[in-house]
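In what follows, a structure is listed as structure tokens, so that the remarks can point back to it.
The values are calculated or read from the model by the stated rules, or taken from the named source; none is laboratory data. What you see is a predicted model; the values in this text were computed from it and never measured. Every residue, glycine as well, gets a Cβ built from its backbone with ideal geometry; the counts of neighbours run over all protein chains shown. Please note that ligands, DNA and RNA were not included when accessible areas were found on the heavy atoms of the full protein model with its side chains. Shrake-Rupley method; radii C 1.70, N 1.55, O 1.52, S 1.80 Å.
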Amino acid sequence: MLVMPGRRTSTMELLAIEATRRGMTVRAAEEVSAAAEPAKGPAYWYGGPVAGARLAARLGLALLEPADDWLAGLPQEFTGREVRVGTIADARAAERPTFVKPPRDKSFPAAVYSNGSRLPADLAPSTPVLLSEVVTFAAEYRLFLLDGQIAAGSRYAVFGRLDPFPLDRDGGIAAEIAEFVDRLVAGSGAALPSAVVVDVGQLLDPYRPGHEWAVVEPNMAWFSHAYAADPARVLDVVLRAAGPRDRVRPRDQPFVRN
């Protein structure tokens, strides 16, 4: 059974079609929550973290997610910029424009904040955040990784504007990304769950021609838009990333969302 919110995005619709094609039952989270008894059989989740956490115990789900500090712990050869873990208090004290984002949820908009006064006023000073120096990505790509390999991928933005395009239809770029991901996984892949999303981008350097590849951020596969990626392959990753707790592999146990 694949469970997802009743109000579906385009990705949810595509995954629902693929799940049905595989013989799975697709049910709305609201229906499952209201049922007197939990449904029998293995369940999987695609949707937001709040609803997912609410259903996890009822359905026996294990939701895999990358560690909050994974990006900040990468060598700069993979980030192309300084990234550090901090708090809202640190962000408010920044003396120059800084890209600030919540590490996992969407509690406030991830954006470049010119100064601390621009951050939402209701955020507690101790709220964890990721702080990054400001850079320009010429193009950004979403990669669904399974066991350290690219299962599916899509371009999703060009100079910050939405522009999806299938990765497997862009041979030259796909080869460059594959080489970058091979190096990334060899160096830091053990610190990621076996099913995860990693966004990468072409980082422009005004002092050098061309571009270099850099990690934009990691994401939970069960809460990531597919854009133009193959939904069948995306579903393969989602089913590993948000499935039965008793089927979680030993290496993935540290990545189960509490």
- Message: Looking at the stretch 231-246 only, could you name the residues that are open to solvent by 60 Å² or more (accessible area, probe 1.4 Å) and farther than 12 Å from A195 by Cβ?
- Response: R245, D246
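Being modelled with pLDDT of 90 or more and closer than 29 Å to V234 by Cα is the requirement here; does A111 meet it? First the steps, then the outcome.
Numbers: modelled with pLDDT of 90 or more: no; closer than 29 Å to V234 by Cα: yes.
For A111, the condition - modelled with pLDDT of 90 or more and closer than 29 Å to V234 by Cα - is not met.
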- Query: Among the strands (runs of 3 or more DSSP E) confined wholly to the stretch 1-120, which include 2 or more residues that are of a type in the set (V, I, T) and surrounded by 13 or more Cβ atoms within 10 Å (Cβ to Cβ)?
  - Reply: 83-87, 98-101
- Which number in (1) within 16 Å of H225 (Cα to Cα); (2) surrounded by fewer than 17 Cβ atoms within 10 Å (Cβ to Cβ) marks the one condition that E140 misses? (2)
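Rundown of residues vs (1) more than 26 Å from A62 (Cα to Cα); (2) within 17 Å of the chain's Cα centre (by Cα), yes/no style:
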| site | (1), (2) |
| --- | --- |
| A93 | yes, no |
| R104 | no, yes |
| P120 | yes, no |
| L130 | no, yes |
| Y156 | yes, yes |
| A175 | yes, no |
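Among the residues of the stretch 184-192, is any of a type in the set (G, A, S), modelled with pLDDT of 95 or more, surrounded by 15 or more Cβ atoms within 10 Å (Cβ to Cβ) and not in a strand (DSSP E or B)? Walk me through how you get there before you give the answer.
Within the stretch 184-192, the subset of a type in the set (G, A, S) is 186-191.
Of the ones still in play, those that are also modelled with pLDDT of 95 or more are 186, 191.
From what's left, surrounded by 15 or more Cβ atoms within 10 Å (Cβ to Cβ): 191.
In the following step, the residues that additionally are not in a strand (DSSP E or B) were identified as 191.
Checked against the condition, which is being of a type in the set (G, A, S), modelled with pLDDT of 95 or more, surrounded by 15 or more Cβ atoms within 10 Å (Cβ to Cβ) and not in a strand (DSSP E or B), the stretch 184-192 yields at least one hit.
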- Query: So which residues in the stretch 224-254 are part of a helix (DSSP H, G or I), under 30 Å from F165 (Cα atoms) and under 17 Å from the mean Cα position of the chain (by Cα)?
  - Reply: P231, R233, V234, L235, D236, V237, V238, L239, R240, A241
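Answer yes or no as to whether V134 is of a type outside the set (F, W, Y) and open to solvent by less than 60 Å² (accessible area, probe 1.4 Å). Even if it seems obvious, please write down each step before you answer.
Working: of a type outside the set (F, W, Y): yes; open to solvent by less than 60 Å² (accessible area, probe 1.4 Å): no.
Taking the combined requirement at face value, the residue does not satisfy it.
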- Query: Does R8 qualify as being more than 21 Å from the chain's Cα centre (by Cα), more than 30 Å from G187 (Cα to Cα) and not hydrophobic (A, V, I, L, M, F, W, C)?
  - Reply: no
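Quick check: is even one residue across the stretch 194-204 open to solvent by 50 Å² or more (accessible area, probe 1.4 Å), closer than 24 Å to K101 by Cβ, without any contact (Cβ under 8 Å) to a residue 24 or more places away in the chain and assigned to a strand (DSSP E or B)?
Checked the stretch 194-204: no residue is open to solvent by 50 Å² or more (accessible area, probe 1.4 Å), closer than 24 Å to K101 by Cβ, without any contact (Cβ under 8 Å) to a residue 24 or more places away in the chain and assigned to a strand (DSSP E or B).
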- Query: Among the residues of the stretch 1-25, how many are under 17 Å from A241 (Cα atoms) and free of Cβ contacts under 8 Å to residues at least 40 places away in the same chain?
  - Reply: 3
- Could you tell me whether the stretch 165-183 includes any residue that is within 23 Å of P103 (Cα to Cα) and touching a helix residue (DSSP H, G or I) at 6+ places or on another chain (Cβ under 7 Å)? no
